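Take a look at the structure below.
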Amino acid sequence: MKPVIEIHEIKKTYHVGEIDVHALRGIQLTVEEGEFIAIMGASGSGKSTLMNLIGCLDEPTSGQYLLDGIDVSALSKNEYADIRNQKIGFVFQGFNLLPRTSALENVELPLFYDRTRRIENPQRAAGEALNQVGLADRMDHIPSQLSGGQQQRVAIARALVNQPSILLADEPTGNLDSRTSVEVMSVFQALNQLGMTILIVTHEDDISRYGRRIIRMRDGYIIGDVPVKNRLNADSVLASMKEEEPCCS
């Protein structure tokens, strides 16, 4: 496997008035193609800052970040935006869907910002992405007509529509109940099985066990990096949940 993310001594310092806040204090990290990583840590540990840097939403104060072998610090602003749009898909806790817009149109949205026009038929690409997450029959529904899990799957489809090589998810199950959370993790596991590299930020130990590797952070440092033991299979968990449901009389 080749490295798709290489981070060398990355530091990030925010200046808040006269105070320097050291969010990251020299991070060293390599992510290989096809990995599924959960990043964990308390509030203020640096996990969201690290995710933003990996996603090219922010720039480090110092250090080097290679994305698919490209040193992103050497890119112009337009090149920076292009590499973000082409290689990375984002899934957020709050879904961030346009409320009066259909699922299909929500998924199409990132393609309007792709200056390279790699995707020739945005509507078809959006439909294929929705089909990939099991929502082919919900394309014309607006968010208020969808459950929380369905809305998150629309958000995942939107992250997939640009055909990225890396999927980043920040607390993707934070607003969902237990069963719906497992359904979302089933989608992630299926995508990872197809070869997609996935990184999620989560504070939930059980959610982290759907991944293959857990990185723990504290005070801007990586303090743990271990493979997942007794990895959970989302489809098996869903099947057991169904068996435990009370039968209707």
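The values are calculated or read from the model by the stated rules, or taken from the named source; none is laboratory data. The structure displayed is predicted, hence computed values, not measured ones. Note that we place each Cβ from the backbone using ideal geometry, even for glycine, and neighbour counts take in every protein chain shown.
Checked against (1) under 30 Å from Ser240 (Cβ atoms); (2) touching a Gly at 6+ places or on another chain (Cβ under 8 Å), Met139 passes all but a single condition, namely (1). Taken over the stretch 137-149, the criterion of being touching a helix residue (DSSP H, G or I) at 6+ places or on another chain (Cβ under 6 Å), part of a helix (DSSP H, G or I) and modelled with pLDDT of 95 or more is satisfied by Arg138, Pro143.
For the stretch 118-169, name all the residues that are of a type in the set (A, V, I, L, M, F, W, C), within 23 Å of Ser181 (Cα to Cα) and over 20 Å from the mean Cα position of the chain (by Cα). Passing the criteria: Ala136, Met139, Ile142, Leu146. Could you run through the stretch 101-117 and say how many residues are surrounded by fewer than 16 Cβ atoms within 10 Å (Cβ to Cβ) and modelled with pLDDT of 95 or more? Final tally of qualifying residues: 1.
Looking across the stretch 7-23, just one residue is of a type in the set (Lys, Arg) and touching a Pro at 6+ places or on another chain (Cβ under 6 Å), and that is Lys12. Going through the stretch 80-100 one residue at a time, which ones are more than 21 Å from Ser165 (Cα to Cα) and buried (at least 16 other Cβ atoms within 10 Å of the Cβ)? If the condition is that a residue be more than 21 Å from Ser165 (Cα to Cα) and buried (at least 16 other Cβ atoms within 10 Å of the Cβ), then Leu97 is the only one that fits.
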